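Trainee: The structure under discussion is supplied below as structure tokens; questions concerning it will follow.
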Amino acid sequence: MNKVNIGIIGAGMVADLHMDGIQKHKRINVLWFADPNKKALTTKLKKYSVPNGTADYRDILRDSKVDAVIICSPPFTHFEMAKAAMRAGKHILLEKPMVLNRPQVNGLLKEAQKHRKLVVCECSCRNTRLQPKFRFIKKMIDNGDIGRVYHIHHNQLMRRTFIEYNPAGAWAMQKKLAAGGPFVDWGVYDLSFHLGLLGDKPKLKKISAFTKNGLKIFRNPKQKSDIEEHGAAYMQFDTGLTYYYERGAGVHAEIPNETRIYGTKGSLRFAYCSWNSPEIEHFWVDKNRREKRTIRKVDMSKHPGDDAALYKHFLDCLAGKAKPLMPVSLAAKHLDILFKILGK
Ligand SMILES: NC(=O)c1ccc[n+]([C@@H]2O[C@H](COP(=O)([O-])OP(=O)(O)OC[C@H]3O[C@@H](n4cnc5c(N)ncnc54)[C@H](O)[C@@H]3O)[C@@H](O)[C@H]2O)c1
């Protein structure tokens, strides 16, 4: 396959993660960066020796040499950009959350239907389905090691909010620009991992949830935020699966990322991110009915990193060797659940 020419829209924090992933593959040429923020743009052009820069992403869409665009500007820009990129015949790797609201989800689904030959992959397969822990745990479940999965329990609470992680990310503190707080920032990954383990089969039947904001005491008293900071949902699915899901950023507590998957013959406990412990705790019962607890260690040594894995997957999709692990339709299903948690 020839080199793939790409343009990157958005020269902020996550663009560096993309460049980390891109630089691990010799088959990608970065031709453009687009960003209306002049300083952000010139910094990235210089840092990565990228030949073309623009404040207007549509210049990238007009360049016939460009095969694909990476949309990694804030969520409030994604819908128009993704639509325009599809209409310009460009393949897309689209940052999460895909879009802001249901009308935009429906609009993007419709647009994607019209451009079935284009590869459009949303990024929440990063950190989740493209790493060894996901494959290891899915294999255990598919092998029947814990019997039939009937309940998932997942929680993570942090005192920190997005703005302390990325000081340039003031947009992330406003619902109308970001769609929500930790439930969209992290929820897209959580659902990608957990529902993916079950082959994406369960369909949501019933949900009850709470969300709360106004908890975070910011060091800067002028900092505005209207996103949820803490919330939890109890969900029931058509397969009989139940799922208790709690997330928070800006909560007065620290609870590490932990997933428990309960099956009729055993259970698993782990932290799913590639940077968390590689250990999976497995509770099971042996042939002699003795209760066992085994620590299984996932071999992460061959994992190239989440972003390099994302670009390998995108290249495979462009070469026709794979189908996007997070197509618009599946990202839409996850956003539908998250919007319900947020009461949208
Ligand atoms: N920061 C991370 O570690 C991280 C990780 C995974 C995903 N993401 C996702 O990536 C996206 C961007 O996050 P970020 O942290 O890089 O934000 P950021 O604020 O650091 O960077 C966004 C950049 O996009 C630019 N931008 C705004 N409007 C634009 C437009 N019309 N055209 C081109 N560029 C435009 C901004 O000027 C800014 O430089 C979000 O959807 C976020 O959820 C971020």
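Each row is one residue, and each column tells you yes or no for (1) modelled with pLDDT of 95 or more; (2) outside the structural domain of Asp16 (by TED's automatic domain parsing); (3) more than 22 Å from the chain's Cα centre (by Cα); (4) within 30 Å of Arg116 (Cβ to Cβ).
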{"site": "Ile261", "(1), (2), (3), (4)": "yes, yes, no, no"}
{"site": "Thr264", "(1), (2), (3), (4)": "yes, yes, yes, no"}
{"site": "Ser277", "(1), (2), (3), (4)": "yes, yes, no, no"}
{"site": "Phe283", "(1), (2), (3), (4)": "yes, yes, yes, no"}
{"site": "Asp286", "(1), (2), (3), (4)": "yes, yes, yes, no"}
{"site": "Arg289", "(1), (2), (3), (4)": "yes, yes, yes, no"}
{"site": "Ile295", "(1), (2), (3), (4)": "yes, yes, yes, no"}
{"site": "Phe314", "(1), (2), (3), (4)": "yes, no, no, yes"}
{"site": "Cys317", "(1), (2), (3), (4)": "yes, no, no, yes"}
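Trainee: Another question, if that's okay. Picking from Ala40, Ala82, which residue would you name as being in a helix (DSSP H, G or I), within 22 Å of Ala179 (Cα to Cα) and within 15 Å of the ligand (Cβ to nearest atom)?
Mentor: Ala82
Trainee: Looking at Ile22, Ile9, Ile28, which is the one that is crowded, with 17+ Cβ neighbours inside 10 Å and either away from the ligand (no atom under 16 Å from the Cβ) or over 21 Å from the mean Cα position of the chain (by Cα) (or both)?
Mentor: When all the criteria are applied, what remains is Ile28.
Trainee: Condition first: in a helix (DSSP H, G or I) and within 22 Å of the chain's Cα centre (by Cα). Now tell me which residues in the stretch 114-140 satisfy that.
Mentor: Of everything in the stretch 114-140, those that are in a helix (DSSP H, G or I) and within 22 Å of the chain's Cα centre (by Cα) turn out to be Cys123, Ser124, Cys125, Pro132, Lys133, Phe134, Arg135, Phe136, Ile137, Lys138, Lys139.
Trainee: Here's something else I'd like to know. So is Lys206 in a strand (DSSP E or B), closer than 23 Å to Lys344 by Cα and modelled with pLDDT of 95 or more or not?
Mentor: yes
Trainee: Hey, another quick one. Return the residue satisfying two criteria in turn: it lies in the stretch 187-224 and is surrounded by fewer than 22 Cβ atoms within 10 Å (Cβ to Cβ) and among the small types (Gly, Ala, Ser), and of such residues it is farthest from Tyr150 (Cα to Cα).
Mentor: Gly214
Trainee: Moving on to the next point. Touching an Asp or Glu at 6+ places or on another chain (Cβ under 8 Å) and either part of a loop (DSSP other than H, G, I, E, B) or under 22 Å from Ala172 (Cα atoms) (or both): is that true of Leu31 in this structure?
Mentor: Criteria not met by Leu31.
Trainee: Then there is this: Lys133 is checked against (1) within 16 Å of the ligand (Cβ to nearest atom); (2) crowded, with 21+ Cβ neighbours inside 10 Å and fails just one. What number does that condition carry?
Mentor: (1)
Trainee: How about the stretch 109-130: which of its residues are in contact with a His (Cβ under 8 Å, 6 or more places away or on another chain) and either within 14 Å of the ligand (Cβ to nearest atom) or in contact (Cβ under 8 Å) with a residue 60 or more places away in the chain (or both)?
Mentor: Val119, Val120, Cys121, Ser124, Cys125, Leu130
Trainee: Another question, if that's okay. Is there a residue being within 16 Å of the ligand (Cβ to nearest atom), touching a strand residue (DSSP E or B) at 6+ places or on another chain (Cβ under 7 Å) and farther than 30 Å from Lys83 by Cα anywhere in the stretch 139-155?
Mentor: No: zero hits.
Trainee: Please determine whether any residue of the stretch 50-59 is within 19 Å of Arg87 (Cβ to Cβ), among the hydroxyl-bearing types (Ser, Thr, Tyr) and part of a strand (DSSP E or B).
Mentor: Yes: one or more hits.
Trainee: Within the set of pairs 6+ apart or on separate chains, which have a first residue in the stretch 11-29 that is assigned by TED's automatic domain parsing to the domain that holds Ala172, a second that is assigned to a loop (DSSP other than H, G, I, E, B) and within 6 Å of the ligand (Cβ to nearest atom), and C-beta atoms under 6 Å apart?
Mentor: Matching pairs, first to second residue: none at all.
The values are calculated or read from the model by the stated rules, or taken from the named source; none is laboratory data. Bear in mind the structure is a predicted one, so any value in this text is a computation, not a measurement. A quick note on method: Cβ atoms are made from the backbone with ideal geometry, for glycine too, and the neighbour counts reach across all protein chains shown.
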